[in-house]
1. What distance in nm separates the simple spin-label points at Ile126 and Asp208, each placed 7 Å from Cα in the Cβ direction?
2. If we sort 181-188, 127-134 on the protection proxy, mean other Cβ atoms within 10 Å, highest first, what's the order?
3. Starting with the highest mean, order 150-161, 73-84 by the number of other Cβ atoms within 10 Å, averaged over the residues of each peptide.
4. Do the alpha carbons of any pairs in Lys93/Lys201; Lys175/Lys201; Lys104/Lys201 sit beyond 18 Å of each other, and which pairs?
5. Would you please give the residues with an amide H less than 5 Å from that of Gly90, counting only those at least 5 places away or on a separate chain, with H modeled from the backbone geometry?
6. For the pair Arg163 and Ala105, how long in nm is the line joining their label points, each one 7 Å along Cα→Cβ?
7. Quick one: work out Rg over Rh on the C-alpha atoms of the stretch 122-165, Rh as Kirkwood radius.
8. With the other protein chains left in place, how much accessible area per residue, in square angstrom, belongs to the stretch 73-210 at a 1.4 angstrom probe?
Amino acid sequence: MRFLRRNADEAAETTAEDATAEVNPADPSRTPGKGRPTPKRREAEGKRRGPVPPPPKTQREALKRARGSKVSKEERRAAAVERRQRMMAGEDKYLLPRDRGPVKAYIRDVVDSRRNLMGLFMPLAILVFVALLVPMPAIQQYATLLTTFMLLAMIVEGVVLGRMVVKRVRAKFPKDTTRGLSIGWYSFIRASQLRRLRVPKPRVSPGDRI
């Protein structure tokens, strides 16, 4: 009871002080009271945002609200198509980190301006697979022999191409710190892909001077 009485006395004193501050506005040393309690942050935000909508009454209404607040499937599909088109066009912002930068763009142009034997790697792999399905030892033997020679030729061509590209990159970008092995490997991977399947698409034609 003593604590309750004390709290009541303190509240009365506080009210009296506020009233005195309002009654004596001429005193410049005291800030006059607002005359109303300060609203809480949650209440202020609620007034700015407007009334809270009532909860959904049925499951169908809840699903309808959830679908309305999310991006539709058509919009996501359109955004994905746009990103794909920009990536295929070679816009640096939409490329993978391994393909970004002027150095990588120059490497792609150098590789795409040449006709490489390594571009037949994927058709050769399909040919070997089909030959293994044919129940004729002679065909399998010739296919294996042809594949061996082709792979050796591709490895030699990849080494020569990598050294050539590294030399040209060093001459055009003297301040670039990319390792020569990384440049050569990137060139090899680019050249071993079919031209129509390369990402991004080639900007130059075979035989163009870079």
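1. Label-label distance for Ile126 and Asp208, simple model: 2.6 nm.
2. 181-188, 127-134
3. 150-161, 73-84
4. Lys175/Lys201
5. Close amide H contacts, sequence-distant or interchain: Lys201.
6. Once both label points are built, they end up 3.0 nm from each other.
7. When Rh is taken as the Kirkwood radius, the ratio is 1.15.
8. 70
The values are calculated or read from the model by the stated rules, or taken from the named source; none is laboratory data. Keep in mind that this is a model prediction, so the values were computed, not measured. Here the Cβ is made from the backbone with ideal geometry for all residues, glycine too, and neighbour counts use every protein chain on show. Surface areas here come from the heavy atoms of the whole protein model, side chains and all, with no ligands, DNA or RNA. Shrake-Rupley method; radii C 1.70, N 1.55, O 1.52, S 1.80 Å.
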